[in-house]
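Data block below; observations after.
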Amino acid sequence: MSDAVIHDVLSGRYAVGDTVTVKGWVRTKRDSKAGISFVAVHDGSCFDAVQAVVPAELPNYESEIKRLTTACSVVVTGTIARSEGQGQQFEIQASSVAVIGWVENPDTYPMAPKRHSMEYLREFAHLRPRTNIHGAVTRVRNCLAQAVHRFFHQRGFYWISTPIITGSDTEGAGEMFRVSTLDLENLPRTEAGKVDYSKDFFDRETFLTVSGQLNVETYCCALSKVYTFGPTFRAENSNTSRHLAEFWMIEPEVAFAELADVAQLAEDMLKYVFKAVLEERADDMAFFAERVDKDAISRLQQMVDSSFVRMDYTDAIEILQNCGKTFNYPVEWGIDLQSEHERYLAEEHVGAPIILQNYPKDIKAFYMRLNEDGKTVAAMDILAPGIGEIIGGSQREERLDKLDERLAAMGLNKDDYGWYRDLRRYGTVPHSGFGLGFERLVSYVTGMGNVRDVIPFPRTPGNADF
Ligand code: 4AD
């Protein structure tokens, strides 16, 4: 007899007649008139629950089995048998069922087995992992994360842990959460009346990181191929289905690489992880295709088979101006593209992912490499049909004089970037990288329309419970 995970029972790892013990939670229970109960037990190891067939002869049949409800925790021991029920090959003929935890007042259990709205489930972030949909999201999210690490490992990249507490604003957008141990009611002040952060924990002002990029560039300029994969934070007040205040980002950085090299890397990485999900999580993807987005599987397969289209920002502006469509936000060279523009390009004009490159320098961050035209920088965004931007990246400015010019033009103090400038002073190299928002990826893959439903505990304006 051995403890078994339900995935192994259902996939035929055990022989008919073997005795196993499974541990999990009741999904549903049905009592037959013939004095048998069918208890579906799940343990998170796969989408399906295993059916335990429980005979009335068990000593606790009347006292406990008949009282079981959804979410009770149980330990079931029995023999594997072929199932005559639909959809499953194997079931367990139970010889004992121990009830470990009861559900008090089942009528008010918030996760009763019926369809709940996503908004409702968000109010129960501690209980929603028990639902079919959040179980499936969790397994797909895990599969994607493992595939990302595998992809980079196979290509010789090193995973670098970059800090969460930082003194620099990588994106220069001023959307940072401050980290401080100062007493808010009794703030120390300088003579000029400003808050005196030299009295704070780190002897300076500090924030939660918006990106690990600047830190990972330092390791790139020594170990050649590196990446970060960690949480990042943005205090932008965007209440949309694509924005979180805390999200995970994957940021590779490659030495001796130009923009085109990392554009190809991004395309290869996306295809690799999509393939991994199709192969490894077929059960969950079938559920998403049935319940959430009928194209969930075909869309991913198309992405794996297609070539991403490369397009210049300047050409995209021309396409948008000449397409005959009226946009809420007027189109002219120099604008930051809005999601209505990105969606038109990816969904209606091309119908495939687009790698949009060479953006006007004035709408992009200071570290992006200036192109020969003096007007644009070697930046890229990858726009996916159905979700818009999922990747942002660039070739980095490796020339110290040009970097200093950009810092000055953007009103940034070069003394604040001393260590970053050193990388350009000591053996500088062309290098490039990108950032992939992990929740946008999971949301794209599953067809879940809102990033709040693909991260366990979403942080958005006004929401940090749990
Ligand atoms: O385009 P972004 O701001 O790029 C950077 O942070 C660069 N430092 C990356 C790099 O080159 N290493 O953000 C990158 C990606 C976006 O494409 C998007 O997928 C995601 O991060 N993202 C968000 N995801 C969820 N909520 C938010 N508030 C996000 N902001 C950006």
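The values are calculated or read from the model by the stated rules, or taken from the named source; none is laboratory data. Owing to the predicted nature of the structure, the values given are computational and were not obtained by experimental measurement. Heads up, the Cβs are rebuilt from the backbone with ideal geometry, glycines too, and the neighbour counts pull from every protein chain shown. The protein model used for the area step is the full one, side chains on, heavy atoms only, and it has no ligands, DNA or RNA in it. Shrake-Rupley method; radii C 1.70, N 1.55, O 1.52, S 1.80 Å.
Results, tabulated for the structure shown:
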quantity: Karplus-derived HN-Hα couplings along segment 218-229 (A = 6.51, B = -1.76, C = 1.60, θ = phi - 60°), whole Hz, x at Gly and Pro; calculated: 5, 6, 4, 7, 8, 10, 6, 10, 9, 7, 10, 8
quantity: Relative compactness, segment 318-460, computed as alpha-carbon Rg over 2.2 N^0.38 Å; calculated: 1.22
quantity: Against the rule of thumb 2.2 N^0.38 Å, how large the Cα Rg of segment 270-310 comes out; calculated: 1.17
quantity: Theoretical FRET efficiency, 1/(1+(r/R0)^6), r = Cβ-Cβ of THR69 and SER339, R0 41 Å, to 0.05; calculated: 0.40
quantity: Label-to-label distance, nm, for residues given as SER241 and THR181 (7 Å Cα→Cβ offset); calculated: 4.4
quantity: Mean Cβ count within 10 Å, highest first, over the residues of peptides 7-20, 188-201; calculated: 7-20, 188-201
quantity: Whichever aspartates and glutamates have a C-alpha closer than 19 Å to that of LYS271, once near sequence neighbours (fewer than 8 apart) are set aside; calculated: GLU251, GLU253, ASP261, GLU279, GLU280, ASP284, ASP295, ASP305, GLU347, ASP381, GLU389, GLU439
quantity: Segment 379-466, accessible surface, carbon-and-sulfur percent (1.4 angstrom probe); calculated: 50
quantity: Lys/Arg +1, Asp/Glu -1 at C-beta; segment 285-377 dipole; positive extreme among ALA316, PRO353, ILE335; calculated: PRO353
quantity: Long-range HN-HN contacts of VAL179 with modeled amide H, under 5 Å; calculated: THR206, PHE207, LEU208
quantity: Cα-based equivalent ellipsoid of segment 65-162: semi-axis lengths in Å, sorted from largest, via gyration tensor; calculated: 34, 23, 14
quantity: Protection proxy ranking, peptides 227-238, 376-387, 113-124, 63-74, average beta carbon neighbours within 10 Å, highest first; calculated: 376-387, 227-238, 63-74, 113-124
quantity: Per-residue ³J(HN,Hα) for segment 265-275, Karplus 6.51 cos²θ - 1.76 cosθ + 1.60, θ = phi - 60°, Hz, x for Gly and Pro; calculated: 4, 5, 5, 5, 5, 4, 5, 4, 6, 5, 4
quantity: Reachable lysines from LYS375, criterion Cα separation under 17 angstrom, eight or more residues apart if same chain; calculated: LYS361, LYS364, LYS402
quantity: Square roots of 5 times each gyration tensor eigenvalue, C-alpha, segment 177-263, largest first, Å; calculated: 34, 19, 10
quantity: Probe 1.4 Å - accessible area at MET249, Å² to nearest ten; calculated: 20
quantity: Accessible surface, per residue, of segment 50-125 when the full set of protein chains is kept, probe 1.4 Å, Å²; calculated: 56
quantity: Three-way shape label, segment 96-218, alpha-carbon gyration tensor, a/c 1.5; calculated: oblate
quantity: Amide hydrogen neighbours beyond the local backbone of ILE391, cut-off 5 Å, H modeled; calculated: ILE382
quantity: Cα gyration tensor category, rounded, prolate or oblate, for segment 225-285 with a/c compared to 1.5; calculated: oblate
quantity: Accessible area of segment 299-351 belonging to carbon and sulfur atoms, whole % at 1.4 Å probe; calculated: 39
quantity: Environment charge at GLU318 (Cβ cut-off 15 Å; Lys +1, Arg +1, Asp -1, Glu -1); calculated: -2
quantity: Cα-based shape type of segment 1-158, given that a ≥ b ≥ c are square roots of the gyration tensor eigenvalues and the cut on a/c is 1.5; calculated: oblate
quantity: Dimensions (Å) - the chain, Cα atoms, principal axes, largest first; calculated: 84, 57, 45
quantity: Mean projected area in nm² (Cα convex hull; one quarter of hull surface) for segment 196-344; calculated: 14.2
quantity: Residues with amide H under 5 Å from that of THR170, placed H, sequence gap 5 or more; calculated: VAL210, SER211
quantity: Carbon and sulfur %, accessible surface of segment 5-139 computed with the full protein complex present, 1.4 Å; calculated: 51
quantity: Span from the segment 370-438 Cα centroid across to the segment 225-294 one, whole angstrom; calculated: 21
quantity: Accessible area per residue in Å² at 1.4 Å probe, computed on segment 335-439; calculated: 37
quantity: Accessible surface, segment 228-286, averaged per residue in Å² (probe 1.4 Å); calculated: 37
quantity: Candidate aspartates and glutamates for bridging to LYS23, where Cα separation is under 18 Å - those fewer than 8 sequence places away on the same chain excluded; calculated: ASP3, ASP8, ASP43, ASP48, GLU64, GLU91
quantity: The chain, dipole about Cα centre (Lys/Arg Cβ +1, Asp/Glu Cβ -1), debye to the nearest 20; calculated: 980
